[in-house]
1. Residues of the stretch 216-227 being assigned to a loop (DSSP other than H, G, I, E, B) and buried (at least 20 other Cβ atoms within 10 Å of the Cβ), which ones?
2. Quick one: is residue 54 modelled with pLDDT of 80 or more, surrounded by 15 or more Cβ atoms within 10 Å (Cβ to Cβ) and either in a helix (DSSP H, G or I) or not assigned by TED's automatic domain parsing to the domain that holds residue 410 (or both)?
3. Quick one: residue 299 ticks every box in (1) within 14 Å of the chain's Cα centre (by Cα); (2) in a loop (DSSP other than H, G, I, E, B) bar one, so which box is it?
4. Can you give me the ranges of the strands (runs of 3 or more DSSP E) entirely in the stretch 311-421 with at least 3 residues that are out of contact with any Gly (no Cβ under 9 Å at 6 or more places or on another chain), among the hydroxyl-bearing types (Ser, Thr, Tyr) and closer than 28 Å to residue 81 by Cα?
5. Examine the stretch 378-392 for a residue that is under 14 Å from the mean Cα position of the chain (by Cα) and on the phi > 0 side of the Ramachandran plot, and state whether such a residue exists.
6. Mind checking which residues of the stretch 244-259 are surrounded by 13 or more Cβ atoms within 10 Å (Cβ to Cβ) and either under 22 Å from residue 336 (Cα atoms) or charged (D, E, K, R) (or both)?
7. Could you say which residue among 369, 388, 375 is hydrophobic (A, V, I, L, M, F, W, C) and out of contact with any strand residue (DSSP E or B) (no Cβ under 9 Å at 6 or more places or on another chain)?
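The values are calculated or read from the model by the stated rules, or taken from the named source; none is laboratory data. Everything numeric in this text was worked out from a predicted model, so none of it was measured. All Cβ positions, even for glycine, are placed from backbone atoms using ideal geometry, and neighbour counts span all protein chains on display.
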Amino acid sequence: MPSAKHNAVYNSRIPHMRAWSSRFPRAACLCVLMLAHVPAILASDWRAPEEQLARKIAAATGPGAVTLVVNRSSLSRPDTEAIRRGLSTELAALGVHFVNADQAAATVQITLSENLQSYVWVAEIHQGNNEASVVMVSTPRLGPPAVENSTVALTIQKTLLSTEENRILDVVLLNGAPQHMILLEAESVVLLKLQDGRWQQEQSLPLSHSHPWPRDLRGRLALRKDHLFDAYLPGTFCRSLTTAPLALNCYDSDDPWPLGTDQSGLSAFFAPTRNFFTGALSPGIEKQTTVKAFYSAAVLPREKYKLWVFSTVDRQVHFLDGVTDQTAAKLGWGTDIASVRGGCGLGWQVLVTGNGDGAGESVTAFEIADREPIAVSQPAEFNGAITALWTDSDGTGAIAVSQNSETGRYEAYRLSIACGH
């Protein structure tokens, strides 16, 4: 192995690693149904108006494929997201399913507005060349308009783990005495031990593969309970043996790669001759088993479901929650994203690469409430292009690998969130 292994550096111990707006149409030709007043309910319980509005929408559209857009006024982002999901669930139960705009028979734009006495939800329905129709419900408000708290300012902390001449595909850290680190490279898996404040190589395990690697090689490490780790590469799967000395068993495989954290429970199939995922998911996000081909994904656990964010090969961002697939275009994001449990703000953040020029690139933290990403940190700068970004096994950080534009060496960092104002 190159002597670069002995140039691996260590900064500090890692304590947490493993032990939209539409307007109400004024044209008289619109078919407006009278407001339906519902019983007074708690402001945070939207089930009654959700059920009523869903029934009215389904009566207008009939069963079929629609695109759903939800706009908000003074409601908080968590409330807006809860309402959108509740409406989606009610509509799905009535035979309405959700697709992208180019595949939809109807577009439903919902505006969550209010006056001094009531919340007023307006659904504007567009079907083909027909005139738009509108349905509404209202529910009394029990207090003054909600005011969102100011965004918590977060900082991305970078901890340099290793610098290598060989391309680094992924890194995992194992807590213990002493602490260990595993590097996944193109032709080997390298085990290192922290000794006297520096990482020292203990063992190098060669990777065997029966076909040449694609040009833009990617790989993933996953820690396991019954053996040390699995390594996923395009068309190849490697498993560490359980007996000493440590060795690898590698063979041709199209097994899906794990996404997100150990607890996310979602995997996806990787294109063996390319650098992206095909879009086939295993086992799926509830009933959603496919998404457009994508480069990377991030999971944001919610109280009753998981929101998955996909950076697709057509430079769009898709939000899947098990019921709907919403698309956001022109966000200016790079291809790599990863989620981190920062413990502040909304609890989980998405780390997003920028569109770098090759000489330098950055990672910014975003929070996503009702499918509206908001930057909550200053960009963390890298002296070169980012070649890998993966959420670590417990979700408390992410591994970012960049190729230094001056030295050409690969630098692996652990990224975590520091809370502050």
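1. 218, 219
2. Taking the combined requirement at face value, the residue satisfies it.
3. Every listed condition holds for residue 299 apart from (2).
4. Because the criterion is at least 3 residues that are out of contact with any Gly (no Cβ under 9 Å at 6 or more places or on another chain), among the hydroxyl-bearing types (Ser, Thr, Tyr) and closer than 28 Å to residue 81 by Cα, no strands (runs of 3 or more DSSP E) in the stretch 311-421 meet it.
5. Taking the stretch 378-392 and keeping what is under 14 Å from the mean Cα position of the chain (by Cα), we get 389-392.
Next, only the ones that are on the phi > 0 side of the Ramachandran plot stay: none.
No; the residues of the stretch 378-392 include none that is under 14 Å from the mean Cα position of the chain (by Cα) and on the phi > 0 side of the Ramachandran plot.
6. 254, 255, 256, 257, 258, 259
7. 369
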